[in-house]
Amino acid sequence: MKNLICVSLIALALTGCAGKTAYRDSCASQLDAAWEEQSLAEAEGFAGTVSYSKAMALLTGAKTQQQFEAYQGCVDKAKKARFYLRESRAGR
């Protein structure tokens with residue numbers, strides 16, 4: 001009985017770890033792409049400053065969530081930031 005409880009606790013802990021890292025790679029790749037798009041927006045002389053400001057706020061939030069291992073939120077914010085960077089480059 002004691003062994004069953006130990007095995008159950010270990011399995012539960014491993015499941016929690018797996019769920020926490022499910023979005024890790026996607027978070028990193030979305031952030032990399034967003035920062036690259038941010039550099040392009042700056043180089044092109046972005047016209048949509050409101051969209052650019054929104055994108056920068058979202059990127060900051062995404063990076064913070066990455067550092068706290070909140071990877072799904074990081075992915076969501078990075079995707080939104082990329083949208084606003086595209087809007088900024090289009091002058092909207």
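Details
- Taking every residue in segment 77-92 that is touching a residue at least 24 places away in the same chain (Cβ under 8 Å) and under 12 Å from GLU37 (Cβ atoms) and pairing it with any residue that is open to solvent by 90 Å² or more (accessible area, probe 1.4 Å) and of a type outside the set (Phe, Trp, Tyr), at least 6 positions away or on another chain, the pairs with Cβ-Cβ distances below 8 Å are ALA81/LYS54; TYR84/LYS54; ARG89/GLU44.
A quick yes/no check of all residues on (1) buried (at least 18 other Cβ atoms within 10 Å of the Cβ); (2) β-branched (Val, Ile, Thr); (3) within 18 Å of THR21 (Cα to Cα):
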{"site": "THR49", "(1), (2), (3)": "no, yes, no"}
{"site": "ALA81", "(1), (2), (3)": "yes, no, no"}
{"site": "TYR84", "(1), (2), (3)": "yes, no, no"}
{"site": "ALA90", "(1), (2), (3)": "no, no, no"}
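The values are calculated or read from the model by the stated rules, or taken from the named source; none is laboratory data. What you are looking at is a predicted structure, and each value in this text was computed from that prediction instead of being measured. Note: ideal-geometry Cβ built from the backbone for every residue, glycine included; neighbour counts use all protein chains shown. These accessible areas exclude ligands, DNA and RNA; they are computed on the full protein's heavy atoms, side chains included. Shrake-Rupley method; radii C 1.70, N 1.55, O 1.52, S 1.80 Å.
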